[in-house]
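Student: Sending over a structure as structure tokens; questions will come in a sec.
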Ligand code: GLN
């Protein structure tokens, strides 16, 4: 079922196999009919993870990239909507040569074509496909059918892993295997037999229940893998390794390791997570809070991860708090609360709600010298705050909130306006990796230690070029600009004026990884660690 940990299970299997020298291509399938994840509210489906190519995908793609430590291609992600759309577009182009086009076989055929294309592009030894959602849902049927026919055509080269949840009902206090038995039966009804069962639960599955699942499901007992809740998701690959999961996969696929397993770098990182004591306290000011902590953490997943890596890299344990932007609005707002933090982040966002609160936070951290990192919207609002309070432009704002405002210091990008008029919304923002040139002698340049950087983007609005000169005159430095010098990519205050006050139009959080933390987050955490 959704949220049970399939993404981390997939990422972990991928990592263990990659650590044995295999080239791995992980694929995420989201069965829903959105063509990509870009049109979904983060509180509905978690963060939208943008690939280097610009494709807007599911947060699991972020986990794969972080665990494997590399960028993935657009081919590694598909939704039900994208698959159906290709089939229908092909039909419109007479691509089926006059045949009746039917869900089966044409949808599964397209799914398989895409799986093969992803593996081929990656030149992978092993392709790992995660089917999202819950077994038994209507929308997943076509994907399971694709998996079934792949196995029929390639019996020795395909294996199935079922990630199943074993509840421990409060009153009973013992783990129940029945739901897993039913899940296997559901799988069987589609013509698929699991080879490996990952038993997710609050606690580790015991020998008796392993045996029960094995005998009722026709899976060998050593192929039932225990996956209890853990303090950190980074423990999961090591737990799987202890249960010989990768060895079982290799045996079933009749593959030999390409090199002796090397998990030393990963273990080094896990050790830091377990042993770091000295704390750094960071507040994230956002608005996607409505559905409780679980969803909240999901909405800003990559930001949180990026913070963790930078903190551990600096020998600090990150304490991350959620601050709802609305609590800093109106007369009751307690901005002094921000003093308790070593650093504040305003992450990406859209729309009006919480804006005034965020602006107040930014003003406070600017004037009280609390380290600040603005990501995308957080950079745009930093510019708005500066224009209001340092340039004296009363009511300065972003055109996103008021397209007719007098001082639109953040304006819509040329080319984006027409898209909004035409209702061309999905996948039409400025998306994916773009280069930026970094000015010498700036905080950004010192952090990146490079003259040219590439970062992923997802926005429609930009710093209005008409205000750049006056903002600079008032002391704001645009330290990162697009090579054609049209787009302001990074804004900052010089070190002499503020310990760290920097915003980037990009989303550097998407390329932060456990073993290679991101230079901007590193610089931010370094400044935060120095705060008294
Ligand atoms: N809403 C802003 C824009 O579209 C910022 C987007 C973001 O933070 N990802 O430009």
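Student: Principal axis lengths of segment 57-131 from Cα atoms, whole Å, largest first?
Tutor: For segment 57-131, the Cα spread along each principal axis is 45, 24, 19 Å.
Student: Which of 526, 497 has the fewest other C-beta atoms within 10 Å, and how do the rest follow up to the most?
Tutor: Final ranking by Cβ density, sparse to dense: 497, 526.
Student: Right, another one. If you wrap a convex hull around the alpha carbons of segment 1-102, what volume per residue comes out, as a whole number of Å³?
Tutor: 128
Student: Can you pull the one-decimal nm distance between simple spin-label points at residue 428 and residue 174, each 7 Å off the Cα toward Cβ?
Tutor: Between residue 428 and residue 174, the label points sit 6.0 nm apart.
Student: Relative contact order for segment 57-173: what percent, with Cα pairs under 8 Å and sequence separation of 6 or more?
Tutor: 20
Student: Specify whether the C-alpha gyration tensor of segment 126-268 places it in the rounded, prolate or oblate class, a ≥ b ≥ c being the square roots of the eigenvalues: rounded for a/c under 1.5, otherwise prolate if a/b is larger than b/c and oblate if not.
Tutor: In terms of gyration-tensor shape, oblate.
Student: Provide the three semi-axes, in whole Å and in decreasing order, of the ellipsoid equivalent to segment 321-457 as defined by the square roots of 5 times the Cα gyration tensor eigenvalues.
Tutor: For segment 321-457, the ellipsoid semi-axes come out as 25, 22, 15 Å.
Student: Neighbouring Cβ atoms within 10 Å as the yardstick, rank 510, 350, 478 fewest first.
Tutor: Ordered from fewest to most neighbouring Cβ atoms within 10 Å, 510, 350, 478 come out as 350, 478, 510.
Student: I need the per residue convex hull volume for segment 392-532, using only the alpha carbons, in cubic angstrom as a whole number.
Tutor: Taking only Cα atoms, segment 392-532 has a hull volume of 139 Å³ per residue.
Student: Take every Cα pair under 8 Å in the chain that's 6+ residues apart, average their separations, divide by the length, and report that relative contact order as a whole percent.
Tutor: 15
Student: Also: What do you get for the angle between helix 355-367 and the principal long axis of the chain? Use alpha-carbon atoms, 0 to 90 degrees, nearest ten.
Tutor: Rounded to the nearest ten degrees, it is 60.
Student: Just rank 27, 412, fewest to most, by other beta-carbon atoms within 10 angstrom.
Tutor: If I rank by nearby Cβ atoms, fewest first, I get 412, 27.
Student: Note the angle between two axes, namely the Cα long axis of helix 301-313 and the longest principal axis of the Cα atoms of the chain, as a number of degrees from 0 to 90, rounded to the nearest 10.
Tutor: 80
Student: Per residue and in Å³, how big is the convex hull formed by the alpha-carbon atoms of segment 476-532?
Tutor: Value for segment 476-532: 91 Å³ per residue.
Student: Then there is this: Please work out the Kirkwood hydrodynamic radius for segment 173-242, using every pair of different C-alpha atoms, and report it in angstroms with one decimal place.
Tutor: 12.7
Student: Next question. So what's the gap between the Cα centers of segment 348-382 and segment 97-121, to the nearest angstrom?
Tutor: Rounded to whole Å, the Cα centres lie 46 Å apart.
Student: In addition: Can you divide the C-alpha Rg of segment 421-491 by 2.2 N^0.38 Å and report the result to two decimal places?
Tutor: 1.23
Student: Using only the alpha carbons of the chain, what is the convex hull's orientation-averaged projected area in square nanometres?
Tutor: The orientation-averaged projected area of the Cα hull of the chain comes to 27.1 nm².
Student: Classify segment 295-394 as rounded, prolate or oblate from the Cα gyration tensor: take a ≥ b ≥ c as the square roots of its eigenvalues, call it rounded if a/c is under 1.5, otherwise prolate when a/b beats b/c and oblate if not.
Tutor: Prolate.
Student: So what is the 222 nm mean residue ellipticity for the chain from helices alone, if each DSSP H run of at least 4 adds -39500 (n - 2.57) and you divide by all residues, rounding to the nearest 500 deg cm²/dmol?
Tutor: Result for the chain, helices only: -11500 deg cm²/dmol.
Student: For the chain, take the longest principal axis of its alpha carbons; what is the angle in degrees between that and the long axis of helix 178-189, to the nearest 10 within 0 to 90?
Tutor: 70
Student: Still on this structure, I have one more. Quick one: of the DSSP bridges fully inside the chain, what percent are antiparallel, nearest 5?
Tutor: Percent antiparallel among DSSP bridges in the chain is about 35.
Student: Here's something else I'd like to know. Work out Dmax and Rg for segment 391-430 from the C-alpha atoms and quote the Rg first, both in angstrom.
Tutor: 12.0, 37
Taken together, the values in this text are just the output of simple stated rules run on the coordinates, not laboratory data. What you see is a predicted model; the values in this text were computed from it and never measured. Virtual Cβ from ideal backbone geometry, glycine too; neighbours counted across all protein chains shown.
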